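The values are calculated or read from the model by the stated rules, or taken from the named source; none is laboratory data. These figures come from a predicted structure and were not determined experimentally. No Cβ is skipped: glycine too gets one built from the backbone with ideal geometry, and neighbour counts run over all protein chains shown. Just the protein is used for accessible areas: all its heavy atoms, side chains included, with ligands, DNA and RNA removed. Shrake-Rupley method; radii C 1.70, N 1.55, O 1.52, S 1.80 Å.
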Amino acid sequence: MKGKLLLVSVGLAAMLTGCNSENDIGIASGDGHMTSFRIELPGKQTRAQSDVYTPTRYVMEIFQGTTASGIPLQRKEQASCTFNVSLTYGNTYTCLFWADNGTPDNVANDEYEAADLKAVKIKADASPSNPAYGGMIQVEAGVSTPEAYSVTLKHAVAKVEYIQTKPLTAGNNTLKVVFPKTFRLNVADFSTTEIESTATTHTFENINKVETETTIATGYIIAPSDAADVQNLTVALNSEPTKTISNVPLQRNYKTSIKGAFSDLYEAGMTCSLTEEWDSPENEKELISLWDGTTTSQPTDYKADTPGEVMITSASELAWLAEQSNSTNRQEFADYTFTMTTDINLLGFAWPQIGVGGQGFKGVFDGKGHVIHGLNLQTTGTQSCAGLFYCVDEGGIVKNLTVRGTVNVEYNGSSGCYAGGVAGKTKKAIIENCHNACDIFGSGTSFWLGGIVGHATNTTFENCSNSGNIQVDGTAFVCLGGITGTANNSSGQVIADNVNEGSIIARSSFHWVKAGGIIGDITTTGADVTLSGNENRGDIKSESSTSQDVGEVDAGGIIGYITTAMESSGKILVNNNGNTGTVVNGNDGNYAGGIIGQARGDANCEFTLTANNIQDGIPSDCVIGYNILYDGTITVDGNPIEEYFPYPKPQE
């Protein structure tokens with residue numbers, strides 16, 4: 001086939017709603033013939049109304065081979081988002097794409113200099129008023145699947161909006177903003193390179209009169225992708241004195257909001273906010289604080305031995321909290337309330353954990369809706385707990401917090417490892433409105449891992465969620481849950497209105513493996529427990545490489561395994577929960593339950609399940625995977641269960 005040409009049409013579906021949804025359009029492939037497909041032109045509405053537009057310039061560069069190196073074999077600029085090109089049959093090509101509001105082959109009208117897609121920059125003195133998009137695909141001409149010829153573009157720039165907090169009483173205003181750094185963008189991997197000693201100036205003219213809390217200008221800037229670049233900007237409205245806005249975070253695909261009084265006619269400070277990914281809810285946030293991995297600083301309003309509210313205003317102050325509660329200082333902070341005032345990025349530095357010393361953290365930690373990014377926990381050996389908090393102990397409360405990052409635990413001890421995004425373990429604590437976006441991985445012996453908490457004793461969970469993936473390959477006990485790996489309750493807890501969206505995979509060479517969308521394993525001892533309004537949307541799987549016995553390996557949409565201690569009394573109420581995920585028990589002879597993997601009803605205990613919904617999940621016909629009755633009672637929607645087997649019992 002050498003030398004044979006394949007004429008293909010490569011289409012771009014520029015993604016104006018972020019980078020999650022895709023618009024892959026199929027093609028009918030031929031052997032060296034014309035190939036074409038339909039595409040959906042950009043112009044979809046996003047959460048940011050000012051981003052609603054259709055690009056007017058599309059650029060394509062084709063490189064032979066698996067990297068975009070050297071000079072492109074072909075380059076095209078055009079107004080259409082479908083490219084017709086000739087490729088040599090069997091060759092591999094790397095294709096770069098760019099879309100913006102420029103004019104094809106007319107540099108004078110362009111805001112972005114895109115003559116080289118490996119080094120795109122903002123044109124000198126230009127103030128981009130619309131976003132730009134980029135993307136890359138690799139194809140083997142005539143061999144790749146039809147879907148390979150479709151690409152969904154991503155945001156290539158950061159968005160910056162300027163919000164005036166006081167009225168502007170005059171019209172025809174001009175705002176000038178100077179960024180001290182300028183970057184080039186490589187569309188192949190969205191990496192950036194700083195252009196030394198070069199500033200970028202944006203000028204916004206014809207700003208009209210406005211009322212309070214009004215966006216007076218919106219611009220776009222090339223910025224790094226991996227982490228926010230922090231710059232000190234200068235701004236000036238008309239001929240008024242220049243103002244400096246310090247520590248402004250800028251990151252590709254993120255929106256930075258600068259809010260304050262740009263006019264000297266009003267006295268007000270400037271604050272910044274960074275909103276994650278344009279397709280996420282645009283919650284107001286203050287300036288993000290970055291950690292250097294070592295610095296700690298005591299909060300200004302902290303008073304030793306005088307409990308009260310303490311503001312956590314920076315990453316170094318959060319690190320101070322961990323330092324003071326370590327195994328040396330052993331502070332427990334009972335009766336203190338620590339309140340975050342800013343988002344924090346730990347930037348992947350090793351995190352020392354809060355609540356290591358003493359009995360753990362006993363105060364209140366209120367995230368106030370803020371996010372802690374870049375949590376990095378890598379443990380080995382016999383370290384028993386891992387989380388933002390090592391332990392939250394009696395009276396401790398953690399609330400209104402989101403955690404993002406990675407938790408990776410390698411454990412070879414015998415007692416077990418507890419790990420979660422928020423805390424490794426809790427005791428007589430309250431966890432509410434906390435959200436984990438950390439992926440959590442374990443390898444070694446025994447593990448109890450949860451998206452929020454690994455091991456919870458007498459702990460209440462309300463309005464929490466997990467979107468991280470949880471996976472363990474163990475050699476002993478393994479219990480995994482989207483909210484908590486295991487829960488032991490003896491004083492009447494509520495576990496309500498929690499959601500899991502992450503996938504959970506529990507594997508072990510041992511015979512005890514439990515996985516649940518909300519809880520992996522729960523044991524009650526002489527108290528009532530309520531699980532209500534919880535929902536699992538993730539896929540759940542448990543399996544053992546050695547056990548084939550019924551009841552040893554369990555998987556449930558809400559609970560993997562639930563039991564009471566022998567001779568304990570109490571009621572377990574499981575109502576109004578739902579599963580829409582796929583729940584799989586990987587061992588032959590075992591069953592998966594849409595709500596509970598295995599329910600063990602011991603003497604004096606009442607299990608009551610009411611109004612739980614599994615019809616949109618898998619399985620959709622089995623509420624409980626397996627029942628064991630030791631003189632206790634299990635009732636599902638008013639129907640008593642009187643024998644072992646799944647419920648409802650499969651039809652023979």
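How about the range 451-487: which of its residues are in contact with a Ser or Thr (Cβ under 6 Å, 6 or more places away or on another chain), open to solvent by less than 30 Å² (accessible area, probe 1.4 Å) and either within 16 Å of Gly556 (Cα to Cα) or among the charged types (D, E, K, R) (or both)? Val478, Cys479, listed by residue number. Screening Asp226 against (1) free of Cβ contacts under 8 Å to residues at least 40 places away in the same chain; (2) charged (D, E, K, R); (3) under 30 Å from Ala170 (Cα atoms) leaves a single unmet condition, (3). Within the range 440-450, does at least one residue satisfy the condition of being part of a loop (DSSP other than H, G, I, E, B) and either buried (at least 20 other Cβ atoms within 10 Å of the Cβ) or basic (Lys, Arg) (or both)? Yes, the range 440-450 contains a residue that is part of a loop (DSSP other than H, G, I, E, B) and either buried (at least 20 other Cβ atoms within 10 Å of the Cβ) or basic (Lys, Arg) (or both). Just to be sure I understand the filter: pairs with C-beta atoms under 7 Å, separated by 6 or more residues or on different chains, first member in the range 431-459 and over 18 Å from Val364 (Cα atoms), second member part of a strand (DSSP E or B) and of a type in the set (D, E, K, R). Which pairs pass? Close Cβ pairs satisfying both conditions: Ala437/Arg404; Cys438/Arg404; Ser443/Glu410; Ser443/Asp473; Gly444/Glu410; Gly454/Lys425; His455/Lys425.
Listed conditions (1) open to solvent by 20 Å² or more (accessible area, probe 1.4 Å); (2) at pLDDT below 95; (3) not aromatic (Phe, Trp, Tyr) are all met by Gln298, apart from (2). Taking the criterion of being farther than 16 Å from Lys571 by Cα and touching a residue at least 40 places away in the same chain (Cβ under 8 Å), the residues of the range 597-623 that qualify are Gly597, Gln598, Asn612, Ile614, Gly617. Filter the range 149-188 down to the residues that are under 24 Å from the mean Cα position of the chain (by Cα) and among the basic types (Lys, Arg), then identify the one that is least open to solvent (accessible area, probe 1.4 Å). Filtering the range 149-188 for residues that are under 24 Å from the mean Cα position of the chain (by Cα) and among the basic types (Lys, Arg), the one least open to solvent (accessible area, probe 1.4 Å) comes out as Lys159. Would you be able to say whether some residue in the range 406-426 is open to solvent by 50 Å² or more (accessible area, probe 1.4 Å), among the basic types (Lys, Arg), touching a strand residue (DSSP E or B) at 6+ places or on another chain (Cβ under 9 Å) and under 14 Å from Gly485 (Cα atoms)? Yes, the range 406-426 has at least one match. When the range 113-144 is filtered for residues that are part of a loop (DSSP other than H, G, I, E, B), polar (S, T, N, Q) and in contact (Cβ under 8 Å) with a residue 40 or more places away in the chain, the ones remaining, listed by number, are Ser127, Ser129, Asn130. Looking at the range 80-99, can you tell me whether even one residue there is of a type in the set (A, V, I, L, M), open to solvent by 10 Å² or more (accessible area, probe 1.4 Å) and either over 25 Å from Gly219 (Cβ atoms) or free of Cβ contacts under 8 Å to residues at least 12 places away in the same chain (or both)? Checked the range 80-99: no residue is of a type in the set (A, V, I, L, M), open to solvent by 10 Å² or more (accessible area, probe 1.4 Å) and either over 25 Å from Gly219 (Cβ atoms) or free of Cβ contacts under 8 Å to residues at least 12 places away in the same chain (or both).
With the structure loaded, tell me whether Ser191 is of a type in the set (Gly, Ala, Ser), farther than 30 Å from Lys118 by Cβ and open to solvent by 40 Å² or more (accessible area, probe 1.4 Å) or whether it fails that test. Judged against the criteria, Ser191 is not a match.
Selection of the range 69-112 for residues being of a type in the set (S, T, N, Q) and in a loop (DSSP other than H, G, I, E, B) yields Ser69, Ser80, Asn91, Asn101, Thr103, Asn106.
Take the residues in the range 596-652 that are open to solvent by less than 30 Å² (accessible area, probe 1.4 Å), at pLDDT below 90 and not in a loop (DSSP other than H, G, I, E, B); name whichever of them is farthest from Val584 (Cα to Cα). The residue in question is Cys605. Annotation: of all residues in the range 509-543 being open to solvent by 10 Å² or more (accessible area, probe 1.4 Å) and in a strand (DSSP E or B), the one that is modelled with the lowest pLDDT is Thr523.
All of (1) modelled with pLDDT of 90 or more; (2) surrounded by 15 or more Cβ atoms within 10 Å (Cβ to Cβ); (3) over 22 Å from Ala156 (Cβ atoms) hold for Gly65 with one exception: (2).
Comparison of Pro146, Pro131 shows that the only residue that is within 28 Å of Tyr254 (Cα to Cα) and not hydrophobic (A, V, I, L, M, F, W, C) is Pro131.
Condition first: within 23 Å of the chain's Cα centre (by Cα), of a type in the set (S, T, N, Q) and open to solvent by less than 10 Å² (accessible area, probe 1.4 Å). Can you find one or more residues in the range 488-498 that meet it? For the range 488-498, residues within 23 Å of the chain's Cα centre (by Cα), of a type in the set (S, T, N, Q) and open to solvent by less than 10 Å² (accessible area, probe 1.4 Å): present.
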